[in-house]
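The values are calculated or read from the model by the stated rules, or taken from the named source; none is laboratory data. Values in this document were obtained by computation on a predicted structure and should not be read as measured data. Quick reminder, even Gly has a Cβ in these numbers, built from the backbone with ideal geometry, and neighbours come from all protein chains shown. These area figures cover heavy atoms from the full protein model, side chains too; ligands, DNA and RNA do not enter into them. Shrake-Rupley method; radii C 1.70, N 1.55, O 1.52, S 1.80 Å.
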Amino acid sequence: MAAYIIRRVFAAVLLLLVVSAVTFAIFYLLPRAAGQTIQSMAAQYVGKSPDPSVIKAVIKNLGLDEPIYEQYWHFIKGLVAGADYKFGPDAAHCSAPCFGYSFKTHTAVWPQIEQRAPITFSLAIGAAVIWLVTGVATGILSALKRGSIWDRLAMGISLMGVSLPMFFTGLVLLALFSFNWLQIWNVHYVPFTQNPGEWAWNLILPWVSLAFLYSALYARLTRAGMLETMSEDYIRTARAKGLVERKVVIRHGLRSALTPLITIFGMDFALLLGGAVITESVFSFQGLGAYAIQGVTGNDLPIVMGVTLLTAFFIVVCNLLVDLVYAAIDPRVRLS
């Protein structure tokens, strides 16, 4: 097991380096391949009709006049040791890990990510717990009561949850419980360290709207997996040996059916950690998703690249954790 973990961690580190190189090339190399000059790339960071000296200073700050491998080296060095940026007589230091410096907002990217990350993490973690528990439980009950009224009702609601977009369910919940009807929620983010009770209360609507879509999908996947697993020969053997039904369902049936769910959960959770864009927009939360939108609409390359690399990091780490969970659930993975 230890050797397997070491191999997977080493592979994850190499993959992160590859992802950082590819992401850097997409943002800094492809524009040149498309015909942009370093002057046009630098002009997007200044106002209209900029002075040539200003464009020259931006080129110097971003290192656009350097070879691409030197630019990438400076970027990796900034992640580890920080970087210094100069603009006119002023200068700014970007402490490690330095994901870049926005010359439009004159702020380093990483402190902004640190400030907004708790909002996105709160949304993702709370919603993930809700959709995982409700989705898996609903799928198990539907599989065990196949064809019953509960099964038909649960799958009907799941089909509705998969079909309805998140921005629709979020707006409906706001209209019912915040704006027009009950008006019991004034949705805004409160830090967990400030007031845990108010933190959870204000996040109920975003959690429910975000979890409704995912729990519907997980319920249908769990039901399909359980129906296939419960018809296997080893399940009949376990029942014939006299095991109680609870152990047959949980220890033997659910354990096998969870394998594809773990993979999907790792990807879904990692993407949400990178920014729940629609949810944050609907509920006006200033998380990583809103920060990414700010970078895209403002054509602010360091912001977009910083959020992109952070999302890639979460995906790689969650995939590593999924592999480790696989090894814990199925010993055949460790042998392979």
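Structure values in brief
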{"read-out": "Answer residue from the stretch 74-83, given it is of a type outside the set (Val, Ile, Thr) and farther than 18 Å from LEU301 by Cβ and is surrounded by the fewest Cβ atoms within 10 Å (Cβ to Cβ) among those", "value": "ALA81"}
{"read-out": "Residue in the stretch 195-218 that is more than 25 Å from ILE157 (Cβ to Cβ), assigned to a loop (DSSP other than H, G, I, E, B) and not basic (Lys, Arg) present", "value": "yes"}
{"read-out": "Which listed residue, of LYS86, LYS104, is in contact with a Lys or Arg (Cβ under 9 Å, 6 or more places away or on another chain) and either within 30 Å of SER281 (Cα to Cα) or open to solvent by 40 Å² or more (accessible area, probe 1.4 Å) (or both)", "value": "LYS86"}
{"read-out": "Near pairs, Cβ below 9 angstrom, 6+ apart or cross-chain, from the stretch 146-170 (open to solvent by less than 40 Å² (accessible area, probe 1.4 Å)) to any residue that is in a loop (DSSP other than H, G, I, E, B) and not charged (D, E, K, R)", "value": "MET166/ALA276; GLY170/PHE283"}
{"read-out": "Qualifying residue in the stretch 25-48 (condition: closer than 19 Å to ILE315 by Cα and aromatic (Phe, Trp, Tyr))", "value": "no"}
{"read-out": "Of all residues making up the stretch 68-101, the number that are closer than 16 Å to LEU17 by Cα and part of a helix (DSSP H, G or I)", "value": "13"}
{"read-out": "Among the residues listed as LEU174, LEU203, the single one being surrounded by 15 or more Cβ atoms within 10 Å (Cβ to Cβ), within 23 Å of the chain's Cα centre (by Cα), within 25 Å of PHE121 (Cβ to Cβ) and at pLDDT 85 or above", "value": "LEU203"}
{"read-out": "Lone qualifier among ARG251, ARG223 - being buried (at least 19 other Cβ atoms within 10 Å of the Cβ) and within 30 Å of ALA328 (Cα to Cα)", "value": "ARG223"}
{"read-out": "Candidate set from the stretch 51-67 (those that are in a helix (DSSP H, G or I) and more than 16 Å from PRO302 (Cα to Cα)); member that is most open to solvent (accessible area, probe 1.4 Å)", "value": "LYS56"}
{"read-out": "One residue from ALA292, ALA276 being free of Cβ contacts under 8 Å to residues at least 40 places away in the same chain, in contact with a Gly (Cβ under 6 Å, 6 or more places away or on another chain), open to solvent by less than 30 Å² (accessible area, probe 1.4 Å) and of a type in the set (A, V, I, L, M, F, W, C)", "value": "ALA292"}
{"read-out": "Residue that is more than 27 Å from the chain's Cα centre (by Cα) and touching a residue at least 12 places away in the same chain (Cβ under 8 Å), where the choices are GLN71, GLN36", "value": "GLN71"}
{"read-out": "Single unsatisfied condition, GLN112 versus (1) surrounded by fewer than 19 Cβ atoms within 10 Å (Cβ to Cβ); (2) under 30 Å from SER284 (Cβ atoms); (3) not hydroxyl-bearing (Ser, Thr, Tyr)", "value": "(1)"}
